[in-house]
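Below: one structure, written as structure tokens.
The values are calculated or read from the model by the stated rules, or taken from the named source; none is laboratory data. On a predicted model such as this, the values are computed, not experimentally measured, just so you know. As a convention, Cβ positions derive from the backbone with ideal geometry for all residues, glycine included, and neighbour counts pool all protein chains shown.
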Amino acid sequence: MRIVIGSDHAGLELKTIASTWILDRGHEVIDAGAYEYDREDDYPDFAEAAATTIKEGRANRGILLCGSGVGASIAANKVPGIRAAICHDTYSAHQGVEHDDMNVLCIGARIVEVELAKELINTFIDAQFTGESRHVRRVGKIIAIEAKHRENG
């Protein structure tokens with residue numbers, strides 16, 4: 001699986017560690033930045049870069065790290081086709097994929113400890129969308145909402 005990972009300065013250290021875990025599991029990692037610590041950088045820039053990588057088909061899923069996970073999630077969800085959510089527990093990390101076809105995991109690097117982050121990432125990567133009719137129907141409704149608002153500006 002190709003996984004794009006991005007962070008602002010608050011998530012940079014965890015991004016570096018997480019990239020190694022993902023590579024060690026045999027997956028490809030695409031780094032959407034930040035590449036160095038800059039307290040003045042902005043999470044929307046990295047969230048958009050990672051989300052665009054998925055939208056363009058260059059990655060299957062994404063992981064975004066910022067201080068709380070909130071800003072990265074909000075920014076990523078502005079890109080059509082992206083279903084990003086903050087998950088600070090393993091249930092949400094797998095259920096978001098299995099039921100909601102979540103394609104971006106957002107983690108608050110100032111909230112989640114390193115070992116829990118590893119569990120969240122592993123759970124997210126291992127999860128698969130069930131394809132059950134009720135989940136397909138619900139995701140279809142999400143896609144329809146997105147399309148309606150894109151058309152109506």
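Checking the condition under 30 Å from residue 147 (Cβ atoms), small (Gly, Ala, Ser) and without any contact (Cβ under 8 Å) to a residue 12 or more places away in the chain, which residue from 62, 57, 69 passes? Even if it seems obvious, please write down each step before you answer.
Numbers: 62 fails: without any contact (Cβ under 8 Å) to a residue 12 or more places away in the chain; 69 fails: without any contact (Cβ under 8 Å) to a residue 12 or more places away in the chain.
Just one listed residue meets the conditions, 57.
Here's a check for you: in segment 101-125, which residue that is in contact with a Cys (Cβ under 8 Å, 6 or more places away or on another chain) and touching a residue at least 60 places away in the same chain (Cβ under 8 Å) is nearest to residue 48 (Cα to Cα)?
Going through the qualifying residues, I end up with 107.
When you scan segment 108-120, do you find a residue that is within 20 Å of residue 4 (Cβ to Cβ), touching a Gly at 6+ places or on another chain (Cβ under 8 Å) and either modelled with pLDDT under 95 or of a type outside the set (A, V, I, L, M, F, W, C) (or both), even just one?
yes
Could you check segment 53-151 for strands (runs of 3 or more DSSP E) lying wholly inside it with 1 or more residues that are surrounded by 13 or more Cβ atoms within 10 Å (Cβ to Cβ) and over 10 Å from the mean Cα position of the chain (by Cα)? Lay out the reasoning, then the answer.
Numbers: elements: 61-66, 84-86, 104-108.
Strands (runs of 3 or more DSSP E) meeting the threshold: 61-66, 104-108.
What number of residues within segment 17-43 are surrounded by 14 or more Cβ atoms within 10 Å (Cβ to Cβ) and without any contact (Cβ under 8 Å) to a residue 24 or more places away in the chain?
1
With respect to residue 19, determine if the residue is assigned to a loop (DSSP other than H, G, I, E, B), under 21 Å from residue 123 (Cβ atoms) and polar (S, T, N, Q).
Details: assigned to a loop (DSSP other than H, G, I, E, B): no; under 21 Å from residue 123 (Cβ atoms): yes; polar (S, T, N, Q): yes.
It is false that residue 19 is assigned to a loop (DSSP other than H, G, I, E, B), under 21 Å from residue 123 (Cβ atoms) and polar (S, T, N, Q).
Find all pairs meeting these conditions: Cβ atoms under 9 angstrom apart; at least six residues apart or on different chains; first residue within segment 135-146 and within 13 Å of residue 82 (Cβ to Cβ); second residue assigned to a helix (DSSP H, G or I).
139/99; 139/100; 142/100
If residue 7 satisfies every condition in (1) among the polar types (S, T, N, Q); (2) under 10 Å from the mean Cα position of the chain (by Cα); (3) crowded, with 23+ Cβ neighbours inside 10 Å but one, which is the exception?
(2)
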